[in-house]
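A short write-up of the structure that comes next.
Here, each number is a calculation from the coordinates, and none is a lab measurement. Everything numeric here is computed off the predicted structure, so don't read it as measured data. Please note: Cβ atoms are built from the backbone with ideal geometry, for glycine as well, and neighbour counts cover all protein chains shown.
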Amino acid sequence: MDLPHVMPPLVSARRGNAGDGMDPADDALLRQTQRMLGTSLTFAGGPHEVAARLRAALLQAHPSLLATLPGGAATQTAQLAAAVTWLVHNLDRPPVLVDGCGRLGAALAACGVKAGQLQLVGAALAEAMRAGMSAGQWRQDFDVAWRSTWQHAYEWIVHGGASAAYAPPVWDAVVVEHQLRRSDLAVVRLRPILPMPFRAGQYARIQVRELPAIWRPYSLAGAPARDDVVELHVRAKTATGVSAALVHRTRVGDRVRLSRAEGAMTLPPDPERNLLMIAGDTGVVPFKALLTQLAETDDPRSAVLFWGVRTLSELYDIDELTEIARAARRATVVPVVAEGDPGPYASGLVTDAVAAYGEWSGHDVFLAGPPLMLAATTAALHQLGVAPDQVHHDPPE
């Protein structure tokens, strides 16, 4: 069977509802194909059941494909279910379909997915449908409809992946949680709509709708190996700007945009050297991500995190950090309060606490915080015998 003729050539699809040059017969065939996809999806148990079978098939056929994508089994299954649903719902809107597949291709390319890894998805998708149906429900035209639909989608996904080399992808994300931890600080959790790769310790630039010309960098917390939620810790020092918008004027359900993840504040591959982390204020975020990675991978390295704040009330995330450290094999969190009552924690300058705690010349040292804190801490570490090539931090902005 000549599969490309099962669906109309969507690449030359309409731009409007009439007078756009699309053959009415192609339009009718497109709607007929959409009905077959929807009917078969229902017969097969619905999007989530189909997605679970599809992921199982892909895991068996191409384990490297799923290994390149963020999230665990539950996250990937949910994304596949959403993708199948979106494909069926938008099949009669070719411009939307072409654009969406192109964006998906760019996101997958950023994750490291190769075009050849996607070639068998259509067959796996059709089989995931067939396996969920009782005897007599599966029809040959269902099989043809899914395979031919995927062939079109595959071509646009590949095109989007190739285009990503010239125009780096941008991820739309939905705010799924917003917690005001202090009057000037919020923890904002985002779920990118398409798979977004990042490593623990990296940062991304964020755009909000009210300031479309401004992209501001924020460190990313979260667990990329387990789920697809990105966590930002945002402090608003003024009433305007991206940070103020995220802290004071952002709500669950709002959308923001993220750039490609950047930065080298990631765990060194050599497990022989232990870790010292020194954070000021919201600079603790990348280290929360690194501690999470240490806990999830049962990493044998020792890690000590010094978190320097001005007052005791600024330890807004201490309970979560302590819980993560307990889950790691050898991790310790040491809060240091500069002014006022320190409560149960150390008092004074964080650099003094680091010097008093131990000897660090054999450690990999990571710093994050305000520019002045980075400069002062780097100088103090050199005086403690830490070699410059052992000190790591992202360029201050």
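With a Cα-only, solvent-free Debye model of region 275-392, what are the log10 I(q)/I(0) values at q = 0.15, 0.21, 0.22, 0.23 Å⁻¹? Rounded to two decimals, the profile gives -0.61, -1.21, -1.32, -1.41.
From the square roots a ≥ b ≥ c of the eigenvalues of the alpha-carbon gyration tensor of region 207-346, which class results: rounded (a/c under 1.5), prolate (a/b over b/c), or oblate? The shape class here is oblate. Mind giving me the nanometre distance, one decimal, between the label points for residue 48 and residue 139, set 7 Å out from Cα along Cα→Cβ? Computed distance between label sites residue 48 and residue 139 equals 2.8 nm.
Pairing the Cα long axis of helix 47-61 with the longest principal axis of the chain, what angle in degrees results, from 0 to 90 and rounded to the nearest 10? So the inclination is approximately 80 degrees. Spacing of the modelled spin labels on residue 255 and residue 151, each 7 Å from Cα toward Cβ, amounts to 3.2 nm.
Label reach from residue 339 (point 7 Å along Cα→C-beta): in region 252-280, amide nitrogens under 18 Å belong to 280. By the count of neighbouring beta-carbon atoms within 10 Å, fewest first, 352, 141, 319, 394 end up ordered 319, 141, 352, 394. Taking only alpha carbon atoms, the chain gives an Rg to Rh ratio of 1.06, where Rh is the Kirkwood radius. Report, in whole Å, the centroid distance computed from the Cα atoms of region 25-45 and region 150-198. Each part reduced to its Cα centre gives a spacing of 29 Å. Remark: 178, 248 ranked as 248, 178, counting other beta-carbon atoms within 10 Å and listing the fewest first. Summing charges over all other residues whose Cβ lies under 14 Å from the Cβ of residue 88, with Lys and Arg as +1 and Asp and Glu as -1, gives +2. Packing here is the average count of other Cβ atoms within 10 Å per residue, and on that basis the peptides 234-243, 122-131, highest first, run 122-131, 234-243. Among the GluC sites (Glu not before Pro) in region 247-297, those located in a DSSP loop and surrounded by at most 10 other Cβ atoms within 10 Å of their own Cβ are 272. For region 3-163, a Kirkwood hydrodynamic radius built from all Cα pairs, placed in the Stokes-Einstein relation at 20 °C and 1.002 mPa s, yields a translational diffusion coefficient of 133 µm²/s.
Loop-located trypsin sites (Lys or Arg not before Pro) in region 323-358 (DSSP state not H, G, I, E or B) with no more than 16 neighbouring Cβ atoms inside 10 Å: 329, 330.
Distance between the C-alpha centres of region 379-397 and region 253-300: 17 Å, rounded to the whole angstrom.
Take each peptide in 57-65, 214-222, count the other Cβ atoms within 10 Å of every residue, and average; sorted highest first, the result is 214-222, 57-65. Residue order for 111, 101, fewest other beta carbons within 10 angstrom first, comes to 111, 101. Remark: relative contact order (the chain) = 12 percent; criterion is Cα-Cα distance under 8 angstrom and separation of 6 or more residues.
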